[in-house]
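Visitor: Handing you this structure, nothing more for now.
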Amino acid sequence: MNPLEAVRLALNTIRTQKLKSAFTLMGVCIGVMFLIAVVSIVNGMGVYLKDDLVGKLIAINSFEVRHRPNINMGDTDAETWREYQRRKRLRDYEVPAIVEVLPAGTRYAVTADASLSMSSRYGGGPRSVRVTGVEGAFFDIKSLEVTEGRLFAPQEYVMGTPVVIIGPDVVERLFPNLNPIDREVRIAGLPYTVVGVAESQGSAFGMSFDNVAYVPLQAPARRLLNTEQSMIDAVIVQSPSEAEMTEAMENVRQVMRMQHQLRPAQKDDFSLQTADSALEFWNKLQGYLVLAGVALPAFGLVVGAIVIMNIMLVAVAERTSEIGLRKALGARRRDVLAQFIVESSTLGAVGAVAGVALGVLLALLMRTVTPLPTVVAPWSVALGVLVGAGVGIVSGVYPASRAAKLDPITALRQE
Amino acid sequence: MSNTIDDIGISTTGERQAVVATPGATPDQDWVIVARGLKREYDMGGEIVRALRGVDLAIRKNEYVAIMGPSGSGKSTLMNLIGCLDSPNGGEYWLNGMLVSAMSDDQLARVRNKEIGFVFQTFNLLPRATALQNVELPLVYAGIPADERKRRATEALDSVQLGPRLHHRPNELSGGQRQRVAIARALVNRPSILLADEPTGNLDSTTSQEIMRVFEELSRQGQTVVMVTHEPDIAAHARRVVVLRDGIVESDERRERFVDRVGIQHATTKVAHD
Ligand SMILES: Nc1ncnc2c1ncn2[C@@H]1O[C@H](COP(=O)(O)OP(=O)(O)OP(=O)(O)O)[C@@H](O)[C@H]1O
Ligand SMILES: [Mg+2]
C-alpha cells in the first residue's frame, strides 16, 4: 500500500468517526495552542522591550557613557551593585577629551537629570517631573521634536537661559486648557519660560515618558540636578553606522581609562551602555521564559499522547475483525502498522494545525484586549505542527504494532 | 477414502492418489492444491487438540469441490490452511506449485492477495465503505493504481449484477447482495481459487440458491472453487464432495455418488445443467 493511500484511509476513518477524533485531537490541540500563545507572549514582550522601551531610551547606533548603567533589568547582584556605588561620577571636565577622539560625523550630547518639583500659577499644586539638563545634539540624537513652540537656540545653551521644553503630561497638569508657550513655570522654585512642548513619547508598562521637562544644561537649575555642579549623568554619542559606533566606543573607552588612570588589569569603572547591553538581561531571561513556554505545553502534549494512545488501542480492539479481513485480503504486517501509525499521526497533525490556528487567534485576542503586544513566532508554528505529528506517531506505535501482530484467523472470527 | 476410480472429468482418484503419494515432489502446474499428510494441532494448555490428523487432498484447476463434515471435524481449520491464513504443524501444502507450508508471514500475505479469493459466512464487508470501495480493497494491497482499481472493481460488481449498487453501503444492501459484493471482492484480483466457508450459512434458501447459481456460473467459466458447507443440498451443487471426520478425509467422491449415498431427494432437480 502506498503512503498516499494510507493517508487517504486515515482521513476517511477520521471523517467517519468525528466525535472520537475530536476528543483525540483535543489534547494535541490544546498543547500546541498554549505553545504558540506562550511563545508569542514572550516574543511580544521581547519585541516590546527592544523597539518600544529600550528603543525609546537609547537611540539607534548610539551609546551612553555613564558611571553605571541606568537601564537595569534586574540581573545586578549585590557585589556588582556595591561596585557601582563606589564608582566616581562623570564630570563635565572629562567631556572635551571624549569629544576629541570621536570620529568625524559623530554627534554627541551631555545630560544631567533629576526629579524636581514643578509648578505654575495656572494649574494644580507642585508636581514631580523628570527634568533633564541637555547640551549638544540631544534633540537630534533622540529625534525628539516639538509640537508647539521651538527647540533651544544655540545662545540659550551657551548662556544657560532659564527656558524649558515640557512634555504633554506636564502641559496637561500645569496648563489645563492653556497654551503654555511663553508662560512661566517654576522648577524647584526657579522661574523658567516655556518655549516648546515636546511630542509624546508614549509609555511602557504603564509608565509615562511624557512627564518630562528639558532645560539647557547650564541653566540655573543645574545645581539642583546633582550634588556637585560639575557632575553630569551621561554623554550620549551617536554614529552614522554600527561600525563607526564600535570604533567610537573603543576610542571613548581608552580615553576614559586614561582619565581614570586605570592599569591594564583593572576593569572599566564606567559603563558604555548600548541598546544591546541594556537588553542583555532580557535576552538571558527570554531564554528561560521560552523554555518554560515550551516545557509547560509539552506536559500537555504528553497527556495528549496518552489520550491518543488509549483511543488508538480502543480503535484497534473495535476494528479487530476489520484488521483480520484486511490481512486475509493481503495486507502485510507493515501495511497494518502503517495504517494505524498514519492514522494517529494524521490525528496529531490535524490537532496541531487546529492548535496553531487557535494559538494564533489567542495571541491576536490578547493583543487587542490586553496591553501585551504578542507576536507569533514562526518557529513556534513549525515546532507545533512537528511536535503534534510526532506525538501522533509516538502514541500510535504501540497500538499499531498490536494491530499488526493480530492473528488473521482469530481476528476474523471476532464480531 | 473410496478406492474406486472416480472420474469427475477433471481429476480421477488414481491421479489424486498418485500426486499426494510422493512427498517433496513439486506437483504439475495444473494441480492448484496439493496437501500431503497435513496436520494441525492446537495446544490448549497442555491438552493437544488434533484438528487435522493427516489430510491428503489434491485439487485440479477448474474443479468445484465442497468440503463437508460434522461440526468440529476440521473443515474451517483446513480452509484456513488452504487459504494461507494459517500454517500446518506437519505435512506439506503446495499451492500452484509453491510450497506454502514453508513461507513467511509476509509471503503468505502476498499469496493470499494474489491467489486466494475469500467468501465468508458473515460477508465481512467494511461497514463504512461503499460496495465499490470494499471490492477495491484487495487491489489496494496489490498496489494497483486508483483508476485501474476503480475500473476492475466496477467490472467485478457488474459480473455479479451489482452494477447499479456501486455506491451503496453494506447496510443499504440485502444479504444476498452483500454476499455478491463479497464474491466480487474475492474475484477482483483474479485468484486461482475461490474459497468459501459456509457462504450460504447466513442466507435464506432462495438467496442461497441465487448464490449457488453465481458459483456454478463461475465454475463454468473455469474458476476453481472450494466451498465448506454442512448442508448436503448445498454441497450437491459442487462436482466433487470431500467429507471430513475427526480431522481426516472420510470420503472424496463425485457429486452423483455423494447424492446417491446420502440420498438427497430434491438435489437432482437443481443440478440439471450437467
Ligand atoms: N484456535 C483454536 N484453538 C484450539 N482449538 C481449536 C481452534 N480452532 C479449532 N479448534 C479445534 O479444532 C477442531 C476443528 O475445528 P474446526 O473449526 O476446524 O471445525 P469445523 O469443522 O469448522 O466445525 P464447524 O462446522 O462447527 O464450523 C475442533 O475440535 C476445535 O475445537
Ligand atoms: Mg467451521
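The values are calculated or read from the model by the stated rules, or taken from the named source; none is laboratory data. Everything numeric here is computed off the predicted structure, so don't read it as measured data. Neighbour counts are summed over all protein chains in view; Cβ atoms, including those assigned to glycine, are modelled from backbone coordinates with ideal geometry. SASA here: full protein model, heavy atoms, side chains in, ligands and nucleic acids out. Shrake-Rupley method; radii C 1.70, N 1.55, O 1.52, S 1.80 Å.
Visitor: Quick check on chain B: helices-only [θ] at 222 nm, where DSSP H runs of length 4 and up contribute -39,500 (n - 2.57) each and the sum goes over total residues. Nearest 500, please.
Guide: On the way: 10 runs with 97 residues, N = 274.
So the helix-based figure for chain B works out to -10500 deg cm²/dmol.
Visitor: Using Cα-Cα distances under 8 Å and only pairs 6 or more residues apart, what relative contact order does chain A have, in percent? Intermediate results must be reported in sequence, preceding the final value.
Guide: Working: 720 pairs, mean separation 127.5, N = 415.
That works out to 31 percent.
Visitor: Quote to one decimal, in nm, the extra length available between A:Tyr288 and A:Arg82 on full extension: 0.36 nm per residue of separation minus the C-alpha distance between them. Provide the component values of the computation, followed by the final result.
Guide: Details: separation 206, 0.36 × 206 = 74.16 nm, distance 2.69 nm.
The A:Tyr288-A:Arg82 span can extend by a further 71.5 nm.
Visitor: Let me ask something else about it. What is the set of long-range amide H partners of B:Val32 at a cut-off below 5 Å, with H atoms built 1.01 Å from backbone N?
Guide: B:Ile59, B:Arg60, B:Lys61
Visitor: Along the charge dipole of the stretch A:62-273, which of A:Gly124, A:Pro96, A:Leu178 sits closest to the positive end, that is, farthest toward it, with unit charges on the beta carbon of Lys, Arg, Asp and Glu (+1, +1, -1, -1)?
Guide: Of A:Gly124, A:Pro96, A:Leu178, it is A:Gly124.
Visitor: Still on this structure, please answer the following. Filter the chymotrypsin sites (Phe, Trp or Tyr not before Pro) in the stretch A:121-223 to those in DSSP coil with at most 12 other Cβ atoms within 10 Å of their Cβ, and list the result. Show your work: numbers first, answer last.
Guide: Details: sites: A:Tyr122, A:Phe138, A:Phe139, A:Phe152, A:Tyr157, A:Tyr192, A:Phe205, A:Phe209, A:Tyr214; in loops: A:Tyr122, A:Phe152, A:Phe205, A:Phe209.
Of the chymotrypsin sites (Phe, Trp or Tyr not before Pro), the ones in loops of the stretch A:121-223 whose Cβ has at most 12 other Cβ atoms within 10 Å are A:Phe205.
Visitor: If I require 24 Å or longer along the helix axis, counting alpha carbons, and a Kyte-Doolittle average no lower than 0.0, what helices from chain A are left? Use full DSSP H segments.
Guide: Working: long enough: A:18-47 (40 Å, 1.74); A:242-259 (25 Å, -0.81); A:275-318 (62 Å, 1.41); A:333-369 (53 Å, 1.28); A:378-405 (41 Å, 1.00).
For chain A, where a helix must reach 24 Å along its axis and average at least 0.0, the hits are A:18-47, A:275-318, A:333-369, A:378-405.
Visitor: Quick one: with all protein chains in place, what share of the accessible area of the protein assembly as shown is carbon or sulfur, to the nearest percent (1.4 Å probe)?
Guide: 56 percent
Visitor: Follow-up question, since we're still on this one. Residue by residue through the stretch A:136-153, which ³J(HN,Hα) values in whole Hz follow from phi under the Karplus form 6.51 cos²θ - 1.76 cosθ + 1.60 (θ = phi - 60°), with glycine and proline marked x?
Guide: For the stretch A:136-153, the Karplus-derived couplings read x, 8, 3, 5, 5, 4, 7, 6, 9, 10, 9, 8, 9, x, 8, 7, 6, 7 Hz, x marking Gly and Pro.
Visitor: Here's a follow-up. Which of the trypsin sites (Lys or Arg not before Pro) found in the stretch B:102-185 are loop residues per DSSP with 16 or fewer other Cβ atoms within 10 Å of their Cβ?
Guide: Values: sites: B:Arg110, B:Arg112, B:Lys114, B:Arg128, B:Arg149, B:Lys150, B:Arg151, B:Arg152, B:Arg165, B:Arg178, B:Arg180, B:Arg185; in loops: B:Arg128.
Sites meeting the loop and neighbour criteria: B:Arg128.
Visitor: Quick check for me: using +1 on Lys/Arg Cβ and -1 on Asp/Glu Cβ, what's the dipole size of chain A about its Cα centre, in debye to the nearest 20? Can you show the working numbers first?
Guide: Numbers: 40 positive and 39 negative charges, 348 e Å.
Roughly 1680 debye, rounded to the nearest 20.
Visitor: While we're here: Placing +1 on the Cβ of each Lys and Arg and -1 on the Cβ of each Asp and Glu in the protein assembly as shown, which of A:Asn251, A:Phe281, B:Val243 has its Cα farthest towards the positive end of the resulting dipole?
Guide: Ranked along the dipole, the leading option is B:Val243.
Visitor: What is the spin-label model distance, in nm, from A:Arg15 to B:Ala18 if the labels are put 7 Å beyond Cα along the C-beta direction?
Guide: 5.8 nm
Visitor: Read phi for every residue in the stretch B:65-73 and hand back ³J(HN,Hα) as whole Hz from Karplus 6.51 cos²θ - 1.76 cosθ + 1.60, θ = phi - 60°, with x for Gly and Pro.
Guide: Karplus values, whole Hz, x for Gly and Pro: 10, 9, 10, 10, x, x, 4, x, 7.
Visitor: Straight distance only, please: which lysines reach the Cα of A:Lys142 with their own Cα at less than 19 Å, same-chain residues fewer than 8 apart left out?
Guide: Candidates past the 8-residue exclusion: A:Lys50, A:Lys56.
Visitor: Hey, what do the phi angles of the stretch B:140-157 turn into as Karplus ³J(HN,Hα) couplings, whole Hz, using 6.51/-1.76/1.60 and θ = phi - 60°, x for Gly and Pro?
Guide: 4, 6, 8, x, 7, x, 4, 5, 5, 4, 4, 4, 5, 5, 4, 4, 4, 5
Visitor: Between B:Ala109, B:Ala153, B:Ala184, where does the largest GNM mean-square fluctuation fall for chain B, given springs only between Cα atoms within less than 10 Å?
Guide: B:Ala109
Visitor: Starting from the alpha-carbon convex hull of the stretch A:52-198, give the projected area averaged over all orientations, in nm². Walk me through the numbers before you get to the answer.
Guide: Numbers: hull surface 44.3 nm².
Projected over every direction and averaged, the Cα hull of the stretch A:52-198 covers 11.1 nm².
Visitor: For B:Tyr64, enumerate residues with amide H under 5 Å from its amide H, sequence gap 5+ or separate chain, H modeled in the peptide plane.
Guide: Under 5 Å from the amide H of B:Tyr64 lie the amide H atoms of B:Val225, B:Arg239, B:Arg240, each far enough along the sequence or on another chain.
Visitor: With label points built 7 Å along Cα→Cβ from the Cα atoms of A:Ala22 and A:Ser143, find their separation and express it in nm.
Guide: Placing both labels 7 Å along Cα→Cβ, they lie 5.1 nm apart.
Visitor: Residues of A:335-342, mean number of Cβ from any other protein chain within 10 Å of their own Cβ, rounded to a whole number? It would help to have the intermediate numbers written out before the result.
Guide: On the way: counts 4, 1, 0, 0, 0, 0, 0, 0.
So the per-residue partner count for this stretch is 1.
Visitor: Shielding by partners for B:82-89, please: the mean number of other protein chain Cβ atoms within 10 Å of each residue's Cβ. Spell out each step's value before the answer.
Guide: On the way: counts 0, 3, 3, 8, 3, 0, 0, 0.
If you average over the peptide's residues, the count of other-chain Cβ atoms is 2.
Visitor: Next up: Sort the following peptides by mean Cβ neighbour count (other Cβ atoms within 10 Å, averaged over residues), highest first: A:331-338, B:234-241, A:81-88.
Guide: Values: A:331-338: 20.0, B:234-241: 24.9, A:81-88: 11.5.
Highest to lowest by the protection proxy: B:234-241, A:331-338, A:81-88.
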